[in-house]
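The structure under discussion appears below in the form of structure tokens.
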Amino acid sequence: MDNTGTMSRPLVAGAFAVNVAVVATGLLGHPDQLWQRSLSALTEIVLPLVSLAFMISALVMTKVRTPGFVVGPGPAFVAPADRAHGYFVAGQVLLAAWVTRSPSLFQGAPYADPVTVTMRAIMIGSAVVVTVLNLVLVGIALFGRPRLELTPDGVYLGNPFWRRAVRWDELVPGLPLRQPDQDALTLTTVRPGRPAMRLTLNYIRVHTWFLADAIRYYVDHPDRRAEIGTQAGYDRLMTALGAAPVLRES
């Protein structure tokens with residue numbers, strides 16, 4: 001089974017297309033024929049089931065822990081997102097499509113009824129809010145998926161909308177050591193009042209032991225930091241760590 005994430009973006013894009021179609025049908029459609037009502041009812045059943053299947057798949061999917069980076073622009077060495085992130089986002093988008101179908105329950109109701117008018121306004125407002133949140137979620141998944149970067153300045157974790165960062169000179173020499181937790185890595189810093197920084201790596205495609213070794217290498221070898229983001233620097237890093245460059249961007 002391929003875990004490289006190459007199918008994540010088409011999957012998310014397809015889920016979002018379904019979301020848009022379902023929301024538009026729910027808000028604008030007026031099903032008055034049996035086949036239309038049957039299709040609507042079937043959608044109400046299928047959407048949450050498919051959404052649940054995607055999110056469960058993201059949870060149980062074997063995480064890829066690759067001992068390697070991508071030599072990315074920036075310059076940086078990049079550990080990109082695992083494909084489980086795409087499955088999780090697709091599930092969330094389909095679940096949102098199911099939730100925002102609820103305004104269709106009020107179509108055809110007497111608008112003279114203040115309660116009905118209020119309820120419909122609330123449901124449509126909720127649909128708009130959820131759709132906007134979906135746009136942000138899909139935007140992150142398609143164009144700025146979670147990623148970890150080593151740059152000449154330090155370590156960065158996040159996407160275009162949020163980031164956590166720590167400079168090389170803020171990290172304690174000789175650390176971090178390899179840690180048993182494969183979903184996170186704790187960095188010890190010299191910041192007053194903030195001696196540690198936890199990097200959560202649930203959807204990041206890198207082995208935490210390799211990451212710990214790479215970060216420690218650049219903490220202890222400041223003269224090598226200028227090479228970060230270059231192929232020569234990457235080859236030197238992999239040789240120093242006894243690893244092979246096996247990862248590519250997707």
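The values are calculated or read from the model by the stated rules, or taken from the named source; none is laboratory data. Quick caveat, the model's predicted, so the values are computed rather than measured. No Cβ is skipped: glycine too gets one built from the backbone with ideal geometry, and neighbour counts run over all protein chains shown.
A few comments on the model shown:
- Residue in the range 131-147 that is in contact with a Lys or Arg (Cβ under 8 Å, 6 or more places away or on another chain), surrounded by 12 or more Cβ atoms within 10 Å (Cβ to Cβ) and either touching a residue at least 40 places away in the same chain (Cβ under 8 Å) or not in a helix (DSSP H, G or I) (or both) present: yes
- Among the criteria (1) crowded, with 17+ Cβ neighbours inside 10 Å; (2) modelled with pLDDT under 85; (3) farther than 14 Å from Asn134 by Cα, the one Gly68 does not fulfil is (2).
- Filter result for the condition that a residue is closer than 28 Å to Ala17 by Cα, of a type in the set (S, T, N, Q) and modelled with pLDDT under 70, over Gln107, Gln92: Gln107
- Qualifying residue in the range 46-55 (condition: surrounded by 14 or more Cβ atoms within 10 Å (Cβ to Cβ) and at pLDDT below 80): no
- Yes/no for Arg198 being among the charged types (D, E, K, R), free of Cβ contacts under 8 Å to residues at least 40 places away in the same chain, exposed (fewer than 14 other Cβ atoms within 10 Å of the Cβ) and assigned to a strand (DSSP E or B): yes
- Selection of first residues in the range 35-48 that are within 18 Å of Ala96 (Cβ to Cβ) and in a helix (DSSP H, G or I) and of second residues that are of a type in the set (S, T, N, Q) and at pLDDT 70 or above, restricted to Cβ pairs under 8 Å at least 6 apart or on distinct chains, gives the following pairs, ordered by first then second residue: Ser40/Thr25.
- Matching residues, the range 220-248, being out of contact with any helix residue (DSSP H, G or I) (no Cβ under 6 Å at 6 or more places or on another chain) and buried (at least 16 other Cβ atoms within 10 Å of the Cβ): Ile228, Gly229, Tyr234, Leu237, Met238, Ala243, Leu247
- Whichever residue in the range 1-34 is in a loop (DSSP other than H, G, I, E, B) and among the aliphatic types (A, V, I, L, M) and, among such residues, is modelled with the highest pLDDT: Met7
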